[in-house]
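A quick write-up on the structure given underneath.
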Amino acid sequence: MSHNQTTARPGLHLAGLLLCLLFPLSTKAAVPETEDPIVIVENNWTSQKVISRIVQRLLNRAGYRTSLLKIDTQSQFEAIGTGEAHLQMEIWQASMHSSFQEQIAAGRMIDAGSHSATTREDWWYPDYVEEICPELPDYRALNICAEKLATAETTPNAQYVSGPSEWHPEDLERIKSLGLNVTIVNKDSIESLFESLKYAAARKEPIVIFNWTPNWTGAIFPGKFIEFPPRDKENRCTLDPAWGINPQMTNDCGSITGSYLKKGLWAGFPNKFPCANELIMAISFSKQMIETAAAFVDAEDLSHDDAAETWLSMYKEVAQNWMPSCSRQ
Ligand code: TMO
């Protein structure tokens with residue numbers, strides 16, 4: 001008999017209370033354990049927005065109140081560390097590892113495990129660009145083909161179209177340390193970033209843009225990442241100027257490959273929301289599951305909320321299997 005039923009029937013109240021006193025460890029807290037909402041951080045790219053909404057619905061199903069908090073990738077970890085926000089579903093190793101690790105080291109966040117998808121975030125082009133610049137995907141092709149990759153705005157440099165500058169601030173230093181004749185054109189939204197790709201691809205014009213995997217392009221635009229000098233496992237490329245092909249500067253390498261995609265929680269989460277904690281720990285998105293979530297919006301023009309609903313009906317069983325027994329009382 002559940003705790004809720006006992007309190008609803010005064011005749012059994014005392015018996016229930018007595019049981020709780022006699023067997024305090026065997027009593028289960030009702031879900032939700034608190035009426036306080038679980039605050040999920042919302043960033044500025046599609047899969048993160050859709051996955052946050054999918055998980056929001058699963059938490060609601062389990063009985064929790066939830067809200068989304070829009071915040072950028074650099075300040076979000078401080079906010080989670082202080083408990084202002086509680087949950088980030090997509091921690092990308094290449095762009096967020098060090099700010100995440102700071103909070104872990106301070107005991108303010110916990111690592112809630114990796115998704116089965118591995119990731120890569122770096123400079124990328126659709127395959128037809130190799131017809132214009134056959135030296136690709138080697139990064140030295142950027143200088144060899146600078147004129148062909150230039151636009152009126154960037155000439156004589158090649159154009160590199162990137163997203164909001166908070167995503168990959170080290171790109172500026174990479175350009176200097178590798179001596180690239182490249183000018184970055186930052187787009188402030190994911191919509192305008194991929195507008196540039198769709199526009200160029202429709203005209204078979206050369207384009208090099210920031211992209212990542214898993215992403216909606218995986219299914220629709222065959223393309224490749226530019227191969228920069230590989231990054232070392234210890235990340236000395238970013239920490240130690242002496243490392244790498246430019247002995248005077250850091251960031252003379254590409255982004256990490258085969259990198260993790262993690263879930264992260266406020267350190268107080270397991271105590272305050274124990275059943276939600278079990279749910280978050282159980283969740284694992286595959287590459288295909290993430291590409292599908294992003295494609296509903298970026299290729300099929302659904303809203304983020306509709307994409308979450310559609311995804312949940314498509315992956316009904318997967319999602320049901322994530323629900324822990326504590327959520328099925
Ligand atoms: C973090 N991001 C997926 C935009 O590269």
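Some notes on this structure:
- Across the chain, Cα pairs under 8 Å and at least six residues apart give a relative contact order of 25 percent.
- Base-10 log of normalised Debye intensity for the stretch 233-277 (one unit scatterer per alpha-carbon) at q = 0.16, 0.18, 0.29 Å⁻¹: -0.59, -0.63, -0.98
- Centroid-to-centroid separation of the stretch 219-239 and the stretch 163-185 [C-alpha atoms, Å]: 14 Å
- For the stretch 246-329: rounded, prolate or oblate by the Cα gyration tensor [a/c cutoff 1.5]: oblate
- Among beta bridges identified by DSSP and lying wholly in the chain, the antiparallel ones come to about 55 percent.
- Legend: distances between Cα atoms for Lys233/Lys272; Lys70/Lys204; Lys262/Lys316; Lys70/Lys262; pairs beyond 27 Å are Lys233/Lys272; Lys70/Lys204.
- Contact order for the stretch 147-284, expressed relative to its length and based on alpha carbon pairs under 8 Å spaced 6+ residues apart, stands at 20 percent.
- Applying both filters, DSSP loop and at most 15 other Cβ atoms within 10 Å, to the trypsin sites (Lys or Arg not before Pro) of the stretch 90-159 gives Arg140.
- Kirkwood Rh in Å, taken over all unlike Cα pairs in the chain: 21.9 Å
- Per DSSP, loop GluC sites (Glu not before Pro) in the stretch 269-314 with at most 14 further Cβ within 10 Å: Glu300
- Within a straight-line Cα-Cα reach of under 16 Å, Lys176 can be paired with the following aspartates and glutamates, leaving aside sequence neighbours fewer than 8 residues apart in one chain: Asp240, Asp252.
- Percent antiparallel among DSSP beta bridges (both partners in the stretch 120-239, rounded to 5): 55 percent
- Ellipticity at 222 nm from helices only: DSSP H runs of n ≥ 4 in the chain, each -39500 (n - 2.57), divided by the residue count, give -11500 deg cm²/dmol.
- Per principal axis, descending, Cα span of the stretch 120-239 in whole Å: 41, 30, 25
- Applying both filters, DSSP loop and at most 12 other Cβ atoms within 10 Å, to the GluC sites (Glu not before Pro) of the stretch 31-80 gives Glu35.
Just so you know, all these numbers are worked out from the coordinates, no wet-lab data involved. These numbers come from a predicted model, not from an experiment. Using ideal geometry, Cβ is built from the backbone for each residue, glycine included, and neighbour counts are taken over all protein chains shown.
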